[in-house]
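Step one of this worksheet: look at the structure below.
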Amino acid sequence: MTTTYAVLSEGLEKRFGAVHALRGLDLAVAEGTVCGLLGPNGAGKTTAVRLLTTLLRPDAGSARIAGHDLVREAAAVRRRIGVTGQSASVDGDLTGRQNLRLFARLHRVRDASARTDDLLDRFGLAEAADRPASTLSGGMRRRLDLAASLVRRPDVLFLDEPTTGLDPASRNRIWDAVRALKAEGTTVLLTTQYLEEADRLADDIALVDRGRVAHTGSPAELKALVGSYAEAVVTDADALARAAGVLDRLTGTEPALDHDRRTVGAVSTDQTLTLPRLVRELDAAGVPLADASLRPPTLDDVFLRLTDDDTGDDDTGDNTGDSKELVA
Ligand SMILES: Nc1ncnc2c1ncn2[C@@H]1O[C@H](COP(=O)(O)OP(=O)(O)OP(=O)(O)O)[C@@H](O)[C@H]1O
Ligand SMILES: [Mg+2]
């Protein structure tokens, strides 16, 4: 079986003056899947979305969206996609219903009125239906925005930080909506700074770091790359350095020390490390232990591990990060 990609980009570049925002973005999102573009502030996530949705032209590179060339067939691309950006696109003077109807008319949706009611219902926007959008709460407005991008049933939906700043209830509604869209066959590319969000929603995660995809994989694969997180709490602050030495040796990663909490922790790349061994080795080194733990890594750990230590391959092509080989 061959995979069809709803989004396939190669070497996308974008500069804003001196800022090289995208430095060769390669991305492959299989049809019908949810891809999470995960990265810190300024990594290039929004720029990537703006390029892939034809709002900006790439300086170099190419992409196909739903089978159409991003630049040569921009109009066709636009007909197949929906996009919800970091800032609202709905008209504040119009009510929720009026906004959705306007989108439906703009895009010549045949069952406009039924579609509008369905979306208002699906996103819990009954309250927003007859109120001007400018009077809605941030969460409701975001949901209205998302509903607007779905009016004409896009094949590929781009969501730029769909839940940033939302309360847990609003966030859950958006998560449910993304899951429902996926179940209907829509491909979703969403950007997020929330590791939990990518973990919960995405089939695949692309870690974006300084304008490039630094690593890709399923949440589970990325976690497996890291192994686990080892932590030791000591009873005597003087023993911290000794504990750090043990963790350094066992995990293969330089540990972080927290003197106030008398805690030392490190992401372990050794997948065979067990808690009994950790305790035994700390004990053998004469470390007075208050507690020790070994937990599955969070995506935070993954991100720090996979993006922080491999600056070596940026422009020199010299490959120093040991994690690189595993995903090459
Ligand atoms: N219109 C612009 N003019 C100049 N620089 C820009 C412009 N848009 C983005 N940049 C710069 O490009 C880089 C990438 O920005 P981008 O908004 O894509 O990051 P991001 O990953 O979306 O960050 P955030 O998590 O804060 O939304 C940043 O250094 C940013 O300052
Ligand atoms: Mg952004």
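Every number here is computed from the coordinates shown, using simple stated rules; none is lab data. For clarity, every value in this text was computed on a predicted model and none was experimentally measured. No Cβ is skipped: glycine too gets one built from the backbone with ideal geometry, and neighbour counts run over all protein chains shown.
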I'd like the antiparallel share, as a percent to the nearest 5, of DSSP beta bridges with both residues in region 101-241. 50
Pairing the Cα long axis of helix 240-251 with the longest principal axis of the chain, what angle in degrees results, from 0 to 90 and rounded to the nearest 10? 70
Run through all the Cα pairs of region 106-186 and give the fraction in each 5 Å bin from 0, expressed as whole percent. 3, 14, 27, 26, 20, 8, 2
Per the charge dipole of the chain (beta-carbon charges, Lys/Arg positive, Asp/Glu negative, Cα centre), the residue among ALA74, THR191, VAL246 reaching farthest to the positive end is ALA74
Table column - 3J(HN,Hα) (Hz), region 178-193, Karplus curve with 6.51, -1.76, 1.60, x for Gly and Pro: 5, 4, 5, 4, 4, 4, 7, x, 6, 8, 10, 10, 10, 9, 7, 9
Would you mind pulling out the separation of the Cα centroids of region 1-16 and region 152-208, in Å? 19
By how many degrees, between 0 and 90 and to the nearest 10, does the Cα long axis of helix 299-308 differ from the longest principal axis of the chain? 80
In nm, what is the difference between 0.36 nm times the number of residues separating ARG79 and ASP91 and their Cα-Cα distance? 2.2 nm
Between ASP130 and GLU31, what is the label-to-label distance in nm when each label sits 7 Å out along the Cα-to-Cβ direction? 4.3
Taking 263-275, 100-112 and ranking on average Cβ neighbours within 10 Å, highest first, one gets 263-275, 100-112
Length-normalised contact order of the chain in % [C-alpha pairs under 8 Å, at least 6 apart]: 18
Selection from ALA128, ALA177, LEU157, by position along the positive dipole direction of the chain (Cβ): ALA128
Per the Kirkwood definition applied to all pairs of different Cα atoms, how many angstroms is the hydrodynamic radius of region 87-126? 10.4
Per principal axis, largest first, the Cα atoms of the chain extend in Å by 74, 44, 44
Estimate the FRET efficiency between ASP167 and LEU55 by the formula 1/(1 + (r/R0)^6), using the beta-carbon distance for r and 25 Å for R0, to the nearest 0.05. 0.30
Restricting to bridges with both residues inside the chain, how much of the DSSP beta-bridge set is antiparallel, in percent to the nearest 5? 65
Using amide H atoms built 1.01 Å from N in the peptide plane, name the residues 5+ places from ALA292, or on other chains, whose amide H lies under 5 Å from its own. VAL233
Tilt relative to the chain, helix 96-106 - C-alpha long axis, 0 to 90 degrees, to 10: 70
Descending semi-axes in Å of region 55-124, equivalent ellipsoid built from Cα gyration tensor: 29, 15, 10
Show me, for region 6-11, the HN-Hα J-couplings you get by feeding each phi into the Karplus relation (A = 6.51, B = -1.76, C = 1.60, θ = phi - 60°), rounded to Hz, glycine and proline as x. 7, 10, 9, 10, 9, x
Once you have the Cα-Cα distance between LEU289 and LEU304, take 0.36 nm times their residue separation minus that, and quote the gain in nm to one decimal. 2.8 nm
Taking the mean number of other Cβ atoms within 10 Å as a proxy for protection, how do you rank 150-158, 219-227 from highest to lowest? 150-158, 219-227
Enumerate the amide H contacts of ALA60 below 5 Å, restricted to partners 5 or more residues apart or on another chain; note that Pro and chain-start residues carry no placed amide H. GLU13
Sequence gap at least 6, Cα distance under 8 Å: using those rules, report the relative contact order of region 1-57 to the nearest whole percent. 30
Based on Cβ point charges of +1 for Lys and Arg and -1 for Asp and Glu, what charge dipole magnitude is obtained for region 6-148 about its Cα centre, in debye rounded to the nearest 20? 240
Quick check on region 39-85: what does the Kirkwood estimate of hydrodynamic radius come out to from the alpha carbon pairs, in Å? 11.1
Take the alpha-carbon centre of region 211-234, take the same for region 249-307, and report the distance between them in whole Å. 14
If you place +1 on the Cβ of every Lys and Arg and -1 on the Cβ of every Asp and Glu, how big does the dipole about the Cα centre of the chain come out, in debye to the nearest 20? 1860
For region 32-48, take each phi angle, set θ = phi - 60°, evaluate the Karplus expression 6.51 cos²θ - 1.76 cosθ + 1.60, and give the result in whole Hz per residue in order, putting x for glycine and proline. x, 10, 10, 10, x, 8, 10, x, x, 3, x, 5, x, 5, 5, 4, 4
Formal net charge of residues neighbouring ARG50 (Cβ-Cβ distance under 14 Å; K, R +1; D, E -1): +1
